[in-house]
1. Say whether the condition of being modelled with pLDDT of 85 or more and either farther than 25 Å from B:A148 by Cβ or among the hydrophobic types (A, V, I, L, M, F, W, C) (or both) is met by at least one residue in the stretch B:309-329.
2. Can you spot a residue in the stretch A:58-69 that is at the interface with chain B (Cβ under 9 Å from one of its Cβ atoms) and closer than 17 Å to B:G175 by Cα?
3. Taking only the stretch B:190-199 into account, find how many residues are surrounded by fewer than 16 Cβ atoms within 10 Å (Cβ to Cβ), within 19 Å of A:I21 (Cβ to Cβ) and of a type outside the set (F, W, Y).
4. From the list B:G182, B:G202, B:G228, exactly one residue is surrounded by fewer than 22 Cβ atoms within 10 Å (Cβ to Cβ), of a type in the set (G, A, S) and without any contact (Cβ under 8 Å) to a residue 12 or more places away in the chain. Which is it?
5. Just to check your reading of the model, which residue among B:A123, B:A148 is among the hydrophobic types (A, V, I, L, M, F, W, C), more than 30 Å from B:L456 (Cβ to Cβ) and buried (at least 24 other Cβ atoms within 10 Å of the Cβ)?
6. A:W15: crowded, with 18+ Cβ neighbours inside 10 Å, within 11 Å of chain B (Cβ to nearest Cβ) and touching a residue at least 40 places away in the same chain (Cβ under 8 Å), yes or no?
7. Looking at this structure, is B:V215 buried (at least 19 other Cβ atoms within 10 Å of the Cβ), within 11 Å of chain A (Cβ to nearest Cβ) and of a type in the set (A, V, I, L, M)?
Amino acid sequence: MRKLVPGQWIEFSFWFVFTGIAFALTFDFDREIDMYRYGAAGWPRVVIVIVFLAALGQLLQSLFQKETDTSQSSASAIAEERHDPIGPQMWLIMLTPVAYALFIEELGYYVLTPIFLIAYLYLTGERRLKWLLGVSLGIFLVLTILFTKFLYVGLPTGNVPGFYDFGSWIVQILQ
Amino acid sequence: MAEFIQGTMTLFSDLTSVMIFVGGLLGGMLFGAIPGVSMLTLGAIILPFTGSMAPADAIMLYSVIYCSGVFGGAITAILFNIPGAPENAPTAFDGYPMTQKGLAGKAVGAAVLCSALGGLASAILMMSATPIIANWAISAFGPPEIFALVFFGIAVASSVGSATIWKGWLSVGLGLMIAMVGLDPVAGLERYNFGSTYLMAGIHFIPTILGFFAVSEVLIQAEKRAAGTYKAPKVNLDFPSFGEFWKLKIAVLRSMVIGFFAGILPGIGATLAAFMGYNEAVRWSKTPHLFGKGQLEGVVSSETANNAATGAAMIPLLALGLPGGALTAMMIGVFQMHNMEPGPLVFMNSKDLVWVVFSAMFFANISILLLGWLQTKTVVHLLRIPFHFLAPVILLLATIGAYAVRSLGTDILIMFAAGIMGFFLRRSGYSIAGIVLGLILGKIGEQNFAQASQMLHYDIMGWTDRPIAVGLLIFGVITFLAQFYRLVFAKKPSFSIDD
């Protein structure tokens, strides 16, 4: 029997907890439907059981497979498995877009996007000030003009006073 | 033939029609290539303006956009792992790895040629057999057959792209579970929405696909850059040779047939066609383990199938008035704006219009071949831009694409969440392809299973009266058993993860 690394334990725990919660939640909508015998919970329960069994199969394979034995389906193999931890820089790279998404409706696309682009380029290693500002502004201007002026895509102007006014002013200039 | 010549002359004798044709062609290619802002966006934008066009020009415009839009999405799928539309998602599975190997020119070239071939074959079949095929497909394919087709597709998809078969099933299962969020397709009961009105409408597949493909790819490359292991792709403009294509003739023919029949079925369309074309290529290949690592056959199968579906989708629309997807549904709107009803009567009352549409689709596919060649020679140079400058462009394009679908900030959040999830799942050996397929097929599968169960009065024996459905279900079960057999009884692994 092989010893699992902490990353694998987290992975299997996730699947078992996830399927357990998902199954428990099916009782919230387990009501009879006149025209359909299996109800709204029938299909989800079958899918959850399949996912649970697949997770169990993966756990058993990971525990009892020999080091060199990777007897998988012949059509798999693109993916490589890695369980090494993620560094702090990578966490910042991942969380910056999330922060951008969280505030975009409040502060608006037109204020937040240049800041996001500069922050992202900085985090991914660009330190030359001219490039940092030039590339960020260039990307922002080209894509904003393309989508706002030519494709008429409505982008968030923000809800907070001041930010909203600025966003609307830019849209007015462009259109 | 005389009708085709007549339609061609009508199309090219009027300067306005020619301009509309060219505009539709270029517009479809451009909008198809921009993620989120798809050919559907273009179709929706121009819909109000079609009222002032001649009916034949208006319908022709949409048919040309359909052909070029489906092709356009392949370019970004191959170069940046961003499918322009869901039907281009399988193109990215092998197209992007080819780009990473410095074979972008070959992949784009193959996509151009196969899109044109698939579209042309479909257009020719459409011209010759619209009424007969439409009647057969509509009568032979009911909910049981569509559910069986979905089951078969899922069984095959579970074996593509993951490190183990279990992870393949977990990937597909996760996609199916994401598709459950929202309202149940039978009675509209709320499921997994936690009281949120946003989640009541379900998780939209465009932000999810953008997240799983584009954002996760940016994060993976960023991690490589942070670790100092990033390698820039080589830029290569070589087209595939005739010999390379000739070796893939069976794959092209198979995908043409799959794409054509999937396109005829209402609600199935180009997306399932592309996935089925790809899956079958994997299933019949002697080297299935190489798929997902940059196999030209993967690009060829997906692009032939999705374009073969475009002509076929016109068959139920024109012959029976049944739209096969969102763009063909818009075409019904165009018909109605001109006080016309698509259906059998169109062939009697508006024969000229029908043949202008057929001719336009034929020539649109030929134009894809010429324009696509030019595109290959130019667009591949985008890869010369350092990835850390390209990454914010991709993130911003994906952000705008996700927001443009429904003007909801939550869609952007969902996209980045899917991207982070995709990053971890890909690191752990799961298949993004499986998740996306599960997500797209989940609703179709559940809805058709419910309809089939009601239709057959919950009687399992009732399925035996549906030979096509039974055949597809058996193929699905065999596919699963074959995976299991290999797992349990294979003495030697057919490959290793490090292959």
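1. yes
2. No - not one qualifying residue is present in the stretch A:58-69.
3. The total comes to 2.
4. That would be B:G228, the only listed residue that is surrounded by fewer than 22 Cβ atoms within 10 Å (Cβ to Cβ), of a type in the set (G, A, S) and without any contact (Cβ under 8 Å) to a residue 12 or more places away in the chain.
5. B:A123
6. Judged against the criteria, A:W15 is a match.
7. So B:V215 passes the test.
Yes/no matrix, rows are residues, columns are (1) within 11 Å of chain A (Cβ to nearest Cβ); (2) of a type outside the set (D, E); (3) surrounded by fewer than 21 Cβ atoms within 10 Å (Cβ to Cβ); (4) in contact with a strand residue (DSSP E or B) (Cβ under 7 Å, 6 or more places away or on another chain):
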{"residue": "B:V354", "(1), (2), (3), (4)": "no, yes, no, no"}
{"residue": "B:F358", "(1), (2), (3), (4)": "no, yes, no, no"}
{"residue": "B:I385", "(1), (2), (3), (4)": "yes, yes, yes, no"}
{"residue": "B:G401", "(1), (2), (3), (4)": "yes, yes, no, no"}
{"residue": "B:G429", "(1), (2), (3), (4)": "yes, yes, no, yes"}
{"residue": "B:G438", "(1), (2), (3), (4)": "yes, yes, no, no"}
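The values are calculated or read from the model by the stated rules, or taken from the named source; none is laboratory data. Computed from a predicted model, the values in this text were never measured in an experiment. Backbone-built Cβ (ideal geometry, glycine too); neighbour counts: all protein chains shown.
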